[in-house]
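This report concerns only the one structure given below.
The values are calculated or read from the model by the stated rules, or taken from the named source; none is laboratory data. The structure displayed is predicted, hence computed values, not measured ones. Cβ placement follows ideal geometry from the backbone for every residue including glycine, while neighbour counts extend to all protein chains displayed. Heavy atoms of the whole protein, side chains included, go into the accessibility calculation; ligands, DNA and RNA do not. Shrake-Rupley method; radii C 1.70, N 1.55, O 1.52, S 1.80 Å.
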Amino acid sequence: MRNTAANLIHDYCRENKDGYLVVGDAGYGVWDKFQEELPNQYINPGINEAACIGLSAGMALSGHKVFYYNIIPFVLMRCYEQVRLDICYQDLPVVLIGIGSGITYAPAGMTHYSLEDITLAKTMPNLTIFSPSDPIQTKKAVEFAIKSDKPTYIRISRSGEPKIFDENIDITKPQYIKKGSKQAIVFHGSIIDEVLKISDELKDTSIISIPMISPIDENSINEILKNHETIYIVEEHFEEGGFGTILSDYAMKNKIFTNIEKIAIPNHYIHDIGNCNYLRKLYKIDSTSILERLSK
């Protein structure tokens, strides 16, 4: 997914001299070709996230299309105030590309995890949020962001993920991998690999990817809520504040009384050491744990 996003941004900036890439001393190896070919459109202010966001906002105010790339803690968390006021408050079409969704960077620790980023992003009006699950969804999200006149945040893992979805998908709507009527697994992001491992074992179960986290497509969400007895929200994110919370709040606000269960990481700091697979199993968001939860 990372390479898909990088290639699309490179192509855009090659064809449009108003396009600029800002990196906070990140992405070495990913952007080498960009830096070599388009040195005047590549800006690295160093390890100074507030300056990166302020610069991106200023350039957007001057009519440029700006892409800011960094790992997620340095896209939204360290520079929250600047994203909030410089970009979102002014409704500027800056594209924020955040790498390392969830626990992608395990075992680097909490400094590198992004388990509360959807919570933070959702607090900022005007910000469109994407959490794609494969290179096709990533491509569509970046294409959407390029055309958008509003700020966009795209959270992705790293690279090497297989293509799952069709080129003709509408990135603003839920994508059905499988349809059923009894229950549904709703997910986003890189946790797709755990969900797909058990898809054949689940009978009468819809499996649904939600690439666009906010704003949600209300007609499609209404259909999901009303057509299933139980909905399981699976996400590599904190349990409180993620898409499960967004969906639960929407259902409550609209008086849609459906059983919604969250399968996510409890809201506490991770001190355990291990790779991504180890932590998924520990916090019961791996395929075996998901299947056990649905079988109760």
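Distance between the 7 Å Cα→Cβ label points at residue 182 and residue 200: 1.9 nm.
Leaving out ligands and nucleic acids, note down the accessible area per residue over the range 241-295 with a 1.4 angstrom probe, in whole Å². If you can, show how the numbers build up before the last one.
Working: 3090 Å² over 55 residues.
About 56 Å² of surface per residue is accessible.
Of the residues 259, 44, 168, the one that moves most in a GNM of the chain with alpha-carbon contacts below 10 Å is 168.
Express the Stokes-Einstein translational diffusion coefficient of the range 138-199 in µm² s⁻¹, to the nearest whole number, given a Kirkwood radius over alpha-carbon pairs, 37 °C and a viscosity of 0.692 mPa s. Estimated diffusion coefficient is 240 µm²/s.
Between residue 229 and residue 172, the modelled labels are 3.5 nm apart [label points 7 Å from Cα along Cα→Cβ]. Any chance you could check the Cα centroid distance between the range 92-144 and the range 193-225 for me, in angstrom? Using only Cα atoms to place each centre, the spacing works out to 19 Å.
Which semi-axis lengths, in whole Å and largest first, follow from the square roots of five times the eigenvalues of the Cα gyration tensor of the range 92-208? Working shown, then result.
On the way: eigenvalues 122, 69, 37 Å².
They are 25, 19, 14 Å, listed from largest to smallest.
What percentage of the solvent-accessible surface of the chain, computed with a 1.4 Å probe over protein heavy atoms, is contributed by carbon and sulfur atoms? That fraction is 48 percent.
Quick one: dipole size for the chain, taken about the Cα centre, charges +1 on Lys/Arg Cβ and -1 on Asp/Glu Cβ, in debye to the nearest 20. Walk me through the intermediate numbers first.
Numbers: 30 positive and 38 negative charges, 78 e Å.
Using only the charged Cβ atoms, the result is roughly 380 debye.
With the charge dipole of the chain set up from +1 on Lys and Arg Cβ and -1 on Asp and Glu Cβ about the Cα centre, the Cα lying farthest toward the positive end among the listed residues 83, 213, 258 is that of 258.
Across the chain, the mean sequence separation of Cα contacts (distance under 8 Å, 6 or more residues apart), normalised by length, yields a relative contact order of 16 percent. Listed by chain and number, the aspartates and glutamates placed with their C-alpha closer than 17 angstrom to that of residue 65 are 11, 15, 18, 86, 91, 143, 149; residues fewer than eight positions away on the same chain are left out. Cα convex hull, the range 166-296: 111 Å³ per residue, rounded to a whole number. Pairs exceeding a 28 Å alpha-carbon distance, out of 253/281; 140/255; 150/255; 163/281: 253/281; 140/255; 150/255.
Normalised by the number of residues in the range 88-197, the mean separation of alpha-carbon contacts (under 8 Å, six or more apart) gives a relative contact order of 33 percent. Among 90, 183, 137, the largest mean-square fluctuation in a Gaussian network model of the chain (Cα springs under 10 Å) belongs to 90. Based on C-alpha pairs under 8 angstrom that are at least 6 apart in sequence, the range 1-57 has a relative contact order of 36 percent.
Against the chain, whose longest principal axis comes from its Cα atoms, helix 2-15 is set at around 40 degrees.
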